[in-house]
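Okay, structure first, notes after.
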Amino acid sequence: MKKFFLLSILAMLTSFIHAQNADYKVVFDVTSKDSINYQTVVREASLIRESNPDANIEVVVYGQGLDLVLKDKSTQADAVQQLISDKKVSFKVCAMTMKRNNVDESQLLPGVEVVPDGIYEIISKQHEGWGYIKVAH
Amino acid sequence: MKKFFLLSILAMLTSFIHAQNADYKVVFDVTSKDSINYQTVVREASLIRESNPDANIEVVVYGQGLDLVLKDKSTQADAVQQLISDKKVSFKVCAMTMKRNNVDESQLLPGVEVVPDGIYEIISKQHEGWGYIKVAH
Amino acid sequence: MKKFFLLSILAMLTSFIHAQNADYKVVFDVTSKDSINYQTVVREASLIRESNPDANIEVVVYGQGLDLVLKDKSTQADAVQQLISDKKVSFKVCAMTMKRNNVDESQLLPGVEVVPDGIYEIISKQHEGWGYIKVAH
């Protein structure tokens with residue numbers, strides 16, 4: 001009887017911890033070359049950080065999204081730099097996308113991190129319980 | 001030995017309950033001003049509700065999606081109203097998006113609910129186990 | 001005391017198993033009639049399979065995405081066929097979308113599977129822990 005009581009407590013605790021876990025963590029998926037989408041994702045990331053001191057944001061760029069993080073092409077270079085200076089925000093770009101476009105690390109905005117596979121990065125975050133937002137309109 | 005047996009039972013039960021939990025709950029993410037996307041989301045929501053008496057649907061509108069829920073601009077006003085009259089469907093709009101567009105509650109279709117932050121609304125639903133569908137084409 | 005110890009071990013084991021579970025499983029959501037999106041999803045699926053012998057991929061086609069899997073209309077027929085010949089890749093199309101477009105099974109590329117409801121297929125995969133990627137740009 002006592003054992004069942006303990007087991008029930010454990011089950012309830014587990015549920016509770018799980019439910020409480022809904023802190024603000026979000027991974028944005030950017031595959032667009034449309035500058036409106038770039039404007040959108042930096043605005044959304046900035047707004048979230050302004051209102052939520054504990055929020056964690058990761059922007060994953062792959063496919064046609066590459067321009068967002070390129071020194072010579074980004075229409076949001078200043079905003080991206082500002083966001084990267086925030087320890088709770090990171091920008092990650094897919095190495096396979098860079099290779100296909102003959103882009104090397106020197107062409108990236110400072111602080112942009114390279115990941116081997118953008119899609120795997122995103123689904124890993126999803127698996128860890130991060131929220132997922134596709135940036136498209 | 002008996003304790004381990006009980007613990008195993010608990011673990012199996014937990015897995016079972018988790019697996020059984022796949023009921024039809026879906027949050028739609030609308031950030032488009034393209035009326036084809038508005039048509040799509042109301043058609044999909046209606047079809048789901050027609051075939052699934054227990055399905056729960058939430059449509060979250062933010063960014064450029066705002067027009068879908070505005071009295072004066074929605075191309076799907078009737079369909080949205082019809083859906084909102086269904087207790088298992090809700091439409092939620094982001095207060096920050098409304099503010100940025102100088103829109104107040106009186107301009108919303110009746111029954112549309114305001115949430116402080118559309119993205120947080122979406123990732124909270126994801127965290128609670130709701131399916132996520134980005135509406136884009 | 002011993003009981004609590006056992007319960008703690010169980011809790012840790014459960015977390016560990018959950019965390020280890022991040023294998024490469026991804027469901028792609030295709031609702032576009034834009035051939036760039038078709039090109040993108042077959043390229044991404046092929047690249048993932050080339051680098052990850054254990055990865056599982058499912059491409060769910062509904063709404064305006066139908067053309068991708070039609071014999072007479074797909075711009076990626078060969079690539080889709082190649083992918084389908086891989087046991088770890090499947091293409092599924094929504095029966096409701098087919099009906100609305102007066103398309104029957106004979107018009108599908110060989111090996112494409114029909115599911116009753118594309119959205120339910122996607123959220124079921126999400127619920128089972130698969131990663132989700134919306135294909136849009």
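Tabulated values for the structure
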quantity: Taking B:L70, A:L66 and counting other C-beta atoms within 10 Å, the order from fewest to most; calculated: B:L70, A:L66
quantity: Most to least packed among B:51-58, A:98-105, A:32-39, B:31-38 [average Cβ atoms within 10 Å]; calculated: B:31-38, A:32-39, B:51-58, A:98-105
quantity: Inter-copy separations for C:S35, label at 7 Å along Cα-Cβ, nm, ascending; calculated: 2.8, 2.8
quantity: Alpha-carbon centroid distance for the pair region A:79-103 / region C:29-104, whole angstrom; calculated: 29 Å
quantity: Local net charge near C:R49, Cβ-Cβ under 14 Å (Lys/Arg +1, Asp/Glu -1); calculated: -3
quantity: Label spacing, shortest first and in nm, from A:K73 to its equivalents in the remaining copies (7 angstrom along Cα→Cβ); calculated: 3.1, 3.1
quantity: Per-residue mean of C-beta atoms belonging to partner chains within 10 Å, peptide B:110-123; calculated: 3
quantity: B:D23/A:K87 FRET efficiency (R0 60 Å; Cβ-Cβ; nearest 0.05); calculated: 0.95
quantity: Per residue, the convex hull volume that the Cα atoms of region C:34-137 enclose (Å³); calculated: 96 Å³
quantity: Amide H within-cut-off set for B:V114, under 5 Å, with H built and near neighbours excluded; calculated: B:V93
quantity: Label geometry 7 Å along the beta-carbon vector: A:N101 inter-copy distances in nm; calculated: 2.9, 2.9
quantity: In sequence order, calculated HN-Hα J values of region B:46-55 (Karplus, 6.51, -1.76, 1.60; Hz; x Gly/Pro); calculated: 5, 4, 4, 5, 4, 9, 9, x, 9, 5
quantity: Convex hull volume per residue for region C:21-64, taking Cα atoms only, in Å³; calculated: 58 Å³
quantity: Projected label distance in nm at A:Q107 and C:S51, using a 7 Å step from Cα toward the beta-carbon; calculated: 1.8 nm
quantity: Above-threshold pairs, the threshold being 28 Å between Cα atoms, out of A:K25/B:K25; A:K134/B:K88; B:K125/C:K99; A:K92/B:K125; calculated: B:K125/C:K99
quantity: Residue-by-residue Karplus 3J(HN,Hα) for region C:86-100, coefficients 6.51, -1.76, 1.60, Hz, glycine and proline x; calculated: 8, 4, 8, 10, 9, 10, 10, 10, 6, 4, 5, 5, 4, 4, 4
quantity: Zero-based 10 Å bins, Cα pair distances in region A:42-88, whole percents; calculated: 25, 54, 20, 1
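Here, each number is a calculation from the coordinates, and none is a lab measurement. In this text, all values refer to a predicted model and were calculated from it rather than measured experimentally. Backbone-built Cβ (ideal geometry, glycine too); neighbour counts: all protein chains shown.
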